[in-house]
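Values in this text are rule-based calculations from the coordinates and carry no lab data. Remember, predicted model here, so these are calculated numbers, not experimental data. Note: ideal-geometry Cβ built from the backbone for every residue, glycine included; neighbour counts use all protein chains shown.
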Amino acid sequence: MSTPYNHKEIEKKWRKHWEEHPINVNDGKKPKYYCLDMFPYPSGSGLHVGHWRGYVISDVWSRYKLKQGYYVIHPMGWDAFGLPAENYAIKMGIHPSISTASNIANIKRQINEIAAIYDWDMEVNTTDPEFYKWTQWIFVKMFKAGLAYEKEMPINWCPSCKTGLANEEVVNGKCERCGAEVTKKNLKQWMLKITAYADRLLADLDKLDWPEKVKKMQSDWIGKSYGAEVDFPVDGADETITVYTTRPDTLYGATFMVLAPEHKLAKGLATEETRAAVEDYIFKSSMRSNVDRMQDKEKTGVFTGSYAVNPLNGAKIPIWLSDYVLADYGTGAIMCVPAHDDRDFEFATKFHIPIIQVIAKDGKEIEHMTEAYTEAAGTMINSGEWNGMESAVLKKEAPEMIEKMGFGRKTTNYKLRDWVFSRQRYWGEPIPIVHCEHCGAVPIPEDQLPLLLPEVESYQPTGTGESPLADIDEWVNTTCPVCGAPAKRETNTMPQWAGSSWYFLRYVDSKNPDALVSREKADQYLPVDMYIGGVEHAVLHLLYSRFYTKFLCDIGAIDFDEPFQKLFNQGMINGKNGIKMSKSKGNVVSPDDLVRDYGCDSLRMYELFVGPPELDAEWDDRGIDGVYRFLNRFWNLVMDNKDKDIAATDEMIRVRNKMIYDITTRLEAFSLNTVISGFMEYNNKLIEIAKQSGGVDKQTLVDFVSMLAPFAPHIGEELWEQLGQSGSVFDKENPWPVYDESKMAETEVEIAVQINGKTKAVVKIAKDADKENAIAAGKAALGDKLAGTVVKEIYVPGRIINIVVK
RNA sequence: GCGGAUGUGGCGGAAUGGCAGACGCAUCAGACUCAAAAUCUGACGGUGGCGACAUCGUGCGGGUUCAAGUCCCGCCAUCCGCACCA
């Protein structure tokens, strides 16, 4: 009996060996492959088996690429600024710089248990001044390019986190971080003009090999629409109200107009009689929270007392105020066509406003309208000179017609808003701006960066709309970099997304003091070829990173404008019954015990075996026994056969080639769970062959080990050595095995024989048997089960025989 | 409301339109053992039958096809995303 599989000794041995003999070295000749994980924030609770999943997937892929001869860039770092780190520090009563450092140390230790080929020389940490120097530098560049600007406006405010939030951070009216209901607060904010990139962010999605779901989420979030602006004069006044509409074809059907209560003309449109009601409505709207406005869809509104004139036909239509019109989309005012819009229909019905149908439905006018007809399909009616036109055609042509008629213009609109970039919190990059009475907002000169985050004793959020930094007089008071007069520093900090929007560029040149990344290294090693992480960042980090990359490309810092060529979103791992793993639910499975009892290799393989990588999975501790038993059985197979010197039979050669083919195609398809079951199938098969033939040839075992190694690297290296192979199994001299298609095919196959599509027998025939012989063999196998008149005989070589009888 | 994903044994899951349930977990039986664990061998969708076998079976209802988990039409359920964007 040979030595049994001892994961502890083997894993210890090869960890030490890899430390002394790195396997992923850049010899300057190999092509690069950049495989990136979404870097974690250093939470206090450490990793659970769910976190392992993405890291294992990316490491398996990296090692596969390594064996294909690439120099693999596979770095790891820490997204250490931001709310989670700061909230944890507050809870524990430790300064965030201290808790962050100790959390990083702990998580780094845990991550190393995965045995991934991370290159720790590249490690980055967003809170390192040498890193955030460049986060600030990018902000300064954006400021100089006019993309960072200050604006006072009502923004999303989380009363629990005590900070402003970007639109992307508000989920169903609640804070993305803590779940508290988001309110509005009027604050002077730094904004990033991401809208300037809306068109490119939308169009370039086509270039990306990303899951359709994420592309869809981004394009919906950008929300481009095509339509027209139309100018409506206010009856008896000098004012004009411009509305935005995507349905200019229905202009004749406009029977009223609605302005957002926040519209700048809203108050002025009130008459003597309506003033009190209008002011009351505007005030009440301002008090309603987002959640209120979203949940309560019952339309409210107030008539201003004024009328607008439809520029097309001169009709006077009443102007109303209602909070179903959003102030910050389009022009904050809409023309309302109740016959052809659900919301307008509801409003008109409630307030008894006339409804004029302008598109015929099924060729006629509806007698008693009970709901709006919203299709742009049908002939125009009640529409003056437009009568008889097809609405679908008119919808496209109307914007230009209106433009020619001189009371409007063709235009597009986006749902995407500029990015609220200020946070009223301590633990973030200080915004490198000085406010000077004479010069206004002045950026800190680039050669004076980084602007260090000052050490403070009280870093708790104030809740007043000011950052804790505002209390540090000696830091706030400074001089203007332009005129030298006394000036005050900006006290808000950047959001967590600032560092993560560009960190992937820094890895390949992480210690460069002169540039965020040298152009030389950027050209050589970037962009990212494969990005692996959760789907939760679809419209946050992944959108912001694309924006930053495009900007940095525009200023010549880099030469590509999309950061991530290919994206893979792994599913979450949940606890029993699909309940999300969390400390409070007490269902967190720690990898530490599993590594101890089964070894890193078994856990890595089970992380993949647990289910299709793109879907959520339920963790079941017992399942790991299966892969552990497989590794034991395979270990024994190799140890029993390595010195036997068995000559390969035709069957062994065939199985070997088929095995390489199966494993490779499944891996290329990213079907990692079936790669693992494939290993198990072929292990079972080889054990069977060994039983029958007295052993298995060595080459088959060598190829098996070669493919297994990226999944289970320790046992892979050990068996590689046991098989007497030279070097590391990951050396480029030991590439991923190739299959010979001509040697895969079986000469004889078992195929099913069916009568009317139901299998009645199985027959073994030559794979390429001709129809006559095959049918004859099939009929023979059926014997007297075949009764009745044969109507049709179907034979698909290697697949099926089907006899159709009556 | 709109959009997307998913639905297969006790469980996780597998199936280029071609023998549904590979692979694994759990369970049961047997071998080994004084015994247990580990390991090995076998059984393992439902119903009927001692049995070879028959019959039903991939969320539900239709359809296309010699043949449907897979393709088409219409539903249902669960999950996710968006949600008054004019």
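At q = 0.11, 0.14, 0.15 Å⁻¹, work out log10 I(q)/I(0) for segment A:1-152 with the Debye formula, treating every Cα as an identical point scatterer and leaving solvent out; two decimals please.
-0.60, -0.88, -0.97
Can you put A:653, A:334, A:801 in order, fewest other beta carbons within 10 Å first?
A:653, A:334, A:801
Please give, to one decimal in nm, the separation of the simple spin-label points placed at residue A:276 and residue A:577, each 7 Å out from Cα toward the Cβ.
So the label points at residue A:276 and residue A:577 sit 5.8 nm apart.
Considering only DSSP beta bridges whose two residues both sit in chain A, what percent are antiparallel, to the nearest 5?
Beta bridges within chain A, antiparallel portion: roughly 75 percent.
Quick check: the angle from helix A:49-67's long axis to the longest principal axis of chain A, C-alpha only, nearest 10 degrees?
60 degrees
Under unit Cβ charges (Lys, Arg +1; Asp, Glu -1), what dipole magnitude, rounded to 20 debye, does chain A have relative to its Cα centre?
Charge dipole of chain A: 1420 debye, to the nearest 20.
Please list the equivalent ellipsoid semi-axes of segment A:279-417, computed as the square roots of five times the alpha-carbon gyration tensor eigenvalues, in descending order and whole angstrom.
Rounded to whole Å, the semi-axes are 28, 19, 16.
With axes computed from alpha carbons, what is the tilt in degrees of helix A:96-112 against the longest principal axis of chain A, rounded to the nearest 10 within 0 to 90?
30 degrees
Given the -39500 (n - 2.57) contribution per DSSP H run of 4+ residues, what per-residue ellipticity at 222 nm results for chain A, rounded to the nearest 500 deg cm²/dmol?
Estimated from H runs of four or more residues: -10500 deg cm²/dmol.
Using only alpha-carbon positions, what ratio does the radius of gyration of segment A:522-670 give when scaled by 2.2 N^0.38 Å?
That ratio works out to 1.48.
Whole Å is fine, so just give me how far the alpha carbon centre of segment A:571-617 lies from that of segment A:76-93.
If we compute the Cα centre of each part, the gap is 24 Å.
Which order do A:521, A:8 fall in if you start with the one that has the fewest other Cβ atoms within 10 Å?
In order of increasing Cβ crowding within 10 Å: A:8, A:521.
For a quick protection proxy, order the peptides A:110-118, A:474-482 by their average other-Cβ count within 10 Å, most packed first.
For the peptides A:110-118, A:474-482, the packing ranking is A:110-118, A:474-482.
Kindly state, as a whole number, the per residue volume in cubic angstrom of the convex hull around the alpha carbon atoms of chain A.
Spelled out: Cα convex hull of chain A, divided by residues, is 239 Å³.
What full-extension length gain, to one decimal in nm, is calculated for residue A:770 and residue A:482 as 0.36 nm per residue of separation minus the Cα-Cα distance?
Using 0.36 nm per residue and subtracting the Cα-Cα distance, I get 94.7 nm.
Using alpha carbons only, how many angstrom separate the centre of segment A:743-806 from the centre of segment A:11-66?
Spelled out, the Cα-based centre of one part sits 51 Å from the other.
At 7 Å along the Cα-to-beta-carbon direction for both residue A:553 and residue A:752, put a label point, then send me their distance in nm to one decimal.
5.0 nm
What does the C-alpha gyration tensor say about the overall shape of segment A:494-537? Classify as rounded when a/c is under 1.5, otherwise prolate if a/b is larger than b/c, or oblate.
Since a/c reaches 1.5 but b/c is at least a/b, the shape of segment A:494-537 is classed as oblate.
Report the Cα centroid-to-centroid distance between segment A:235-269 and segment A:433-502 in angstrom, as an integer.
Computed from Cα coordinates, the inter-centre distance equals 42 Å.
Which order do peptides A:10-22, A:67-79, A:575-587, A:241-253 fall in by mean Cβ count within 10 Å, highest first?
Per-residue Cβ counts within 10 Å, averaged per peptide and sorted highest first, yield A:241-253, A:67-79, A:10-22, A:575-587.
Once the dipole of segment A:630-766 is set up with Lys and Arg at +1 and Asp and Glu at -1 on Cβ about the Cα centre, which of A:674, A:716, A:761 lies farthest towards its positive end?
Ranked along the dipole, the leading option is A:761.
Relative to the longest principal axis of the C-alpha atoms of chain A, give the angle of the C-alpha long axis of helix A:541-554, reported between 0 and 90° and rounded to the nearest 10°.
Roughly 80 degrees, rounded to the nearest 10.
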